[in-house]
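Structure first, then comments.
The values are calculated or read from the model by the stated rules, or taken from the named source; none is laboratory data. Note that the structure is predicted; figures quoted are calculated from it, not measured. Using ideal geometry, Cβ is built from the backbone for each residue, glycine included, and neighbour counts are taken over all protein chains shown.
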Amino acid sequence: MFSQITRYLAQTSFRHQLSILVFTGLFAVVIVAAIGASWVASRVVAKDYLQHGESLVQAFAKQSALALLYASENSAKEATSMVTAFHDVKQAAIFNEKDELLFQSAHIQAWNKSKKESSVSPLLEFEDGGFWQFTAPVVVSFEKDGLAETQNKVSKLGFVKLLLSKTKLFRIQKQIFVSITFLAIATGILLFIALQWLLKRMTSPLQTFAETMHQAEAHGAGLRVDLSGSKELLQMSKAFNTMMHALEEREIKIKQHQAQLAHVSRLKTVGEMASGIAHELNQPLTAMVHYIGGCVERLKQENVSPQIIEVMLRVNALAEHAGDIIHRLKNFLRKGELRKEPMDMNALIREVLKLSELELLEAKVEVILHFLDKLPKVNVDKIHIEQILLNLVQNAIDAMRSVEEKARKLTFETLVDGENVIKVLVSDTGPGISDDLVDKIFDPFFTTKESGMGIGLSISSSIIETHGGKLTVESNFGFGSRFILTLPIKEEV
Amino acid sequence: MGDEIVYVVDDNEEVTNSLSWLIESVGYHVETYPNGLAFLKGAKFEGPCCAILDVRMPVMGGLELQEKLKEKIAIPIIFLTGHGDIPMTVRAMKGGANEFLTKPVNNKTLLDSINKAISQDKERRFQSATL
């Protein structure tokens with residue numbers, strides 16, 4: 001039960017929690033106040049009633065003096081009727097000195113004989129759930145004549161008793177309790193409503209804030225909070241807006257960077273394809289040119305018709321022309337390729353990992369970095385080297401899909417090799433590459449992937465070569481692959 | 001003519017075959033090798049000679065071969081490449097290459113270069129013999 005309540009409280013909103021707390025507090029205060037006030041008021045009223053009873057019985061005693069002196073029943077009746085005229089007095093009686101009943105009004109219950117000293121009032125003889133029984137002595141005082149000192153001589157004639165009903169007192173007490181409780185509850189409700197309003201004012205900015213944050217989480221950009229309220233809330237909203245702004249800027253930057261990379265990647269792909277085709281065409285063209293050249297030389301020596309030689313030379317010229325076109329195409333593709341600047345490879349790797357963070361997370365690949373501190377800078381085109389690294393990361397992710405999640409580890413290691421070369425080792429724990437394929441992986445259009453063009457590594461290799469470096473692979477079939485990127489510290493030439 | 005040897009080092013068999021066919025037609029002997037390492041192992045360098053090297057080859061490329069060759073013998077070198085970029089050419093020429101030609105090269109240009117290289121090697125041999 002208790003744990004259920006705590007769980008409910010933990011799950012519900014801040015405002016709800018505060019409401020519950022305030023309500024419980026108010027309820028307790030109202031109950032305590034009502035009971036306390038009623039008790040105090042009842043005490044006061046009860047005391048008043050006792051005093052009322054005392055004065056009644058005393059008055060009754062005074063009125064009964066004559067009746068007792070003369071033992072007159074008429075007088076007794078008169079005195080009694082005076083006192084029973086009070087509605088609360090249910091029963092009254094006059095006794096003489098010998099404890100004999102002189103007169104009694106209506107008999108409701110027997111007089112209680114037990115004499116108990118009451119601390120509340122000296123005249124209160126007995127009290128039960130419904131009645132107070134008062135008693136008072138009937139005395140007369142005589143004035144003693146002729147004595148130097150005037151002294152009253154008191155003589156007891158008898159006593160009177162009366163029974164005062166508590167019904168009215170109870171009714172009054174009940175009325176007091178009801179009205180006080182009603183007042184307290186009404187005040188409590190009013191207070192509760194006021195507090196609710198206050199709470200709403202206090203917590204609604206928080207709720208707005210929470211909703212905005214939720215929206216920001218769901219679909220990101222452009223959300224700002226505009227909160228009014230306490231100083232802390234203003235500070236919080238300001239901090240949130242600043243944070244959102246920073247996040248958006250970062251996202252824009254990353255997107256731009258990715259777009260740039262994609263653009264370069266496309267250009268590179270097209271370029272590499274053209275390059276590959278050009279290279280493949282160039283070799284047979286070369287062979288054609290030289291075969292024809294050899295034929296022409298031989299034919300010249302054999303004294304054949306010059307027309308044949310002329311035609312063969314035309315063929316040769318055409319092949320050379322085709323070769324020329326290919327070279328022009330290659331030169332065009334190569335134009336303005338590199339924008340080299342000194343780069344820290346460690347920082348560059350970190351940037352690449354940031355770019356592929358999501359994919360690595362998704363593929364549950366653990367990334368391990370073994371960086372050499374103070375790694376010398378290399379002069380490279382940042383975008384191009386990033387592309388190579390991204391390609392290697394992508395290959396590693398693809399390769400490791402076939403191994404169990406726990407074993408997917410991608411390790412980056414940087415080191416200096418010799419005086420003027422740094423190495424970047426990228427190792428995965430994929431299945432590795434079999435020996436018969438290892439030599440082919442850098443060939444253009446070679447791929448083991450179902451959806452791949454097979455030019456990633458070929459492009460990477462040619463990019464690295466234009467940087468004066470090398471891209472090689474070591475593979476342990478069954479245990480993983482390691483790609484080694486070598487880059488010169490000082491650029492040659 | 002008769003003893004002069006032209007070494008052709010290229011990984012593409014059609015290219016080496018066609019080059020042999022052309023160069024033999026003007027009377028030189030031709031030896032072909034698929035890469036730099038095979039060339040270093042196989043060639044004897046007896047008599048006047050020159051080498052036609054491809055730049056990109058597996059195992060040992062042309063530029064690396066040039067470095068290695070320098071330690072052994074100073075024969076004239078003609079580079080033949082599919083893609084001649086400027087840094088590569090500069091490097092080759094600095095290393096002492098006679099020519100840096102791009103494929104497909106004009107037959108006359110190539111044969112002229114070979115003739116020049118062979119006579120240069122003859123001269124060098126003659127000088128080192130007289131010294």
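B:PHE45 meets all of the listed conditions (1) surrounded by fewer than 22 Cβ atoms within 10 Å (Cβ to Cβ); (2) modelled with pLDDT under 85; (3) in a loop (DSSP other than H, G, I, E, B) but one, namely (2). The single condition among (1) touching a helix residue (DSSP H, G or I) at 6+ places or on another chain (Cβ under 7 Å); (2) within 14 Å of chain A (Cβ to nearest Cβ); (3) within 25 Å of A:GLY469 (Cβ to Cβ); (4) not acidic (Asp, Glu) that B:ILE77 does not meet is (2).
Might you check whether a residue that is at negative phi, within 14 Å of another protein chain (Cβ to nearest Cβ) and out of contact with any Cys (no Cβ under 9 Å at 6 or more places or on another chain) occurs anywhere in the range A:252-263? The answer is no; no qualifying residue exists. Cβ-Cβ contacts under 7 Å between residues 6 or more apart (or on different chains), taken from a first residue in the range A:151-177 that is farther than 30 Å from A:ALA71 by Cα to a second residue that is in a strand (DSSP E or B) and at pLDDT 85 or above, are listed as A:LYS166/A:PHE131; A:LYS166/A:TRP132. Taking the numbered list (1) more than 14 Å from chain A (Cβ to nearest Cβ); (2) modelled with pLDDT of 90 or more in turn, B:VAL30 passes all entries but (1). The set of residues in the range A:353-390 that are crowded, with 20+ Cβ neighbours inside 10 Å and either more than 39 Å from the chain's Cα centre (by Cα) or under 28 Å from A:ASN420 (Cα atoms) (or both) comprises A:VAL378, A:VAL380, A:HIS384, A:ILE385, A:GLU386, A:GLN387, A:ILE388, A:LEU389, A:LEU390.
If I ask for residues that are farther than 24 Å from B:MET57 by Cα, surrounded by 14 or more Cβ atoms within 10 Å (Cβ to Cβ) and not polar (S, T, N, Q), which ones from the range A:425-467 would you list? Residues satisfying the conditions are A:LEU425, A:VAL426, A:ASP428, A:GLY430, A:PRO431, A:GLY432, A:GLY452. The set of residues in the range A:64-85 that are crowded, with 16+ Cβ neighbours inside 10 Å and of a type in the set (A, V, I, L, M, F, W, C) comprises A:ALA65, A:LEU66, A:ALA67, A:LEU68, A:ALA76, A:ALA79, A:MET82, A:VAL83. Select from the range A:99-109 the residues that are exposed (fewer than 15 other Cβ atoms within 10 Å of the Cβ) and in contact with a strand residue (DSSP E or B) (Cβ under 8 Å, 6 or more places away or on another chain) and write down the one among them that is farthest from A:LEU50 (Cα to Cα). Applying the filter and picking the extreme gives A:LEU101.
So, in the range A:45-63, of the ones that are small (Gly, Ala, Ser) and surrounded by 15 or more Cβ atoms within 10 Å (Cβ to Cβ), which residue ends up farthest from A:ALA93 (Cα to Cα)?
So the first thing to find is which residues in the range A:45-63 are small (Gly, Ala, Ser), and the list is A:46, A:53, A:55, A:59, A:61.
With the extra rule that they be surrounded by 15 or more Cβ atoms within 10 Å (Cβ to Cβ), the set shrinks to A:46, A:53, A:59, A:61.
Working: A:ALA46: 23, A:GLY53: 14, A:ALA59: 13, A:ALA61: 10 Å.
Of everything passing the filter in the range A:45-63, A:ALA46 is farthest from A:ALA93 (Cα to Cα).
Of the residues B:LEU80, B:LEU53, B:LEU63, the single one that is over 22 Å from B:SER18 (Cβ atoms) and within 13 Å of the chain's Cα centre (by Cα) is B:LEU63. Evaluating B:ALA97 against the criteria (1) in contact with a Pro (Cβ under 9 Å, 6 or more places away or on another chain); (2) under 17 Å from B:TYR7 (Cα atoms); (3) assigned to a helix (DSSP H, G or I) leaves one unmet condition, (3). Is it the case, given these coordinates, that A:THR286 is in contact (Cβ under 8 Å) with a residue 12 or more places away in the chain, over 32 Å from the mean Cα position of the chain (by Cα) and farther than 30 Å from A:GLY452 by Cα? Yes: the conditions hold for A:THR286.
Tell me, which residue of the range B:48-70 that is more than 28 Å from A:LYS440 (Cβ to Cβ) and surrounded by 20 or more Cβ atoms within 10 Å (Cβ to Cβ) is modelled with the lowest pLDDT? So, considering only residues that are more than 28 Å from A:LYS440 (Cβ to Cβ) and surrounded by 20 or more Cβ atoms within 10 Å (Cβ to Cβ), the one modelled with the lowest pLDDT is B:LEU69.
For B:LYS70, the conditions (1) out of contact with any strand residue (DSSP E or B) (no Cβ under 8 Å at 6 or more places or on another chain); (2) more than 10 Å from chain A (Cβ to nearest Cβ); (3) outside any helix (DSSP H, G or I); (4) under 20 Å from B:ILE118 (Cα atoms) are fulfilled apart from (3).
Looking only at the range A:427-436, decide whether some residue is away from chain B (no Cβ under 14 Å), out of contact with any Lys or Arg (no Cβ under 6 Å at 6 or more places or on another chain) and in a strand (DSSP E or B). Spell out how you get there, then give the answer.
Here is the first cut: in the range A:427-436, the ones away from chain B (no Cβ under 14 Å) are A:427-436.
Filter once more, so that each one left must be out of contact with any Lys or Arg (no Cβ under 6 Å at 6 or more places or on another chain): A:428, A:430-436.
Restricting the remaining residues to those that are in a strand (DSSP E or B) gives A:428.
Scanning the range A:427-436 turns up at least one residue that is away from chain B (no Cβ under 14 Å), out of contact with any Lys or Arg (no Cβ under 6 Å at 6 or more places or on another chain) and in a strand (DSSP E or B).
Among the residues of the range A:332-346, is any surrounded by 17 or more Cβ atoms within 10 Å (Cβ to Cβ), on the phi < 0 side of the Ramachandran plot and over 58 Å from the mean Cα position of the chain (by Cα)? Among the residues of the range A:332-346, not one is surrounded by 17 or more Cβ atoms within 10 Å (Cβ to Cβ), on the phi < 0 side of the Ramachandran plot and over 58 Å from the mean Cα position of the chain (by Cα), which makes the answer no. A:VAL424 falls short on exactly one of the conditions (1) assigned to a helix (DSSP H, G or I); (2) under 16 Å from A:SER356 (Cβ atoms), and that condition is (1). Filtered by the rule that a residue be within 11 Å of B:SER25 (Cβ to Cβ) and either facing chain B (nearest Cβ under 7 Å) or not charged (D, E, K, R) (or both), the range A:293-306 gives A:GLY293, A:GLY294, A:CYS295, A:VAL296, A:GLU297, A:ARG298, A:LEU299, A:GLN301. Taken over the range A:265-292, the residue count meeting the criterion of being in contact with a strand residue (DSSP E or B) (Cβ under 9 Å, 6 or more places away or on another chain) and away from chain B (no Cβ under 14 Å) is 0. Within the range B:96-114, the set of residues being within 14 Å of chain A (Cβ to nearest Cβ) and surrounded by 15 or more Cβ atoms within 10 Å (Cβ to Cβ) comprises B:PHE100, B:LEU101, B:THR102, B:LYS103, B:PRO104, B:VAL105, B:ASN106, B:ASN107, B:LEU110, B:LEU111, B:SER113, B:ILE114.
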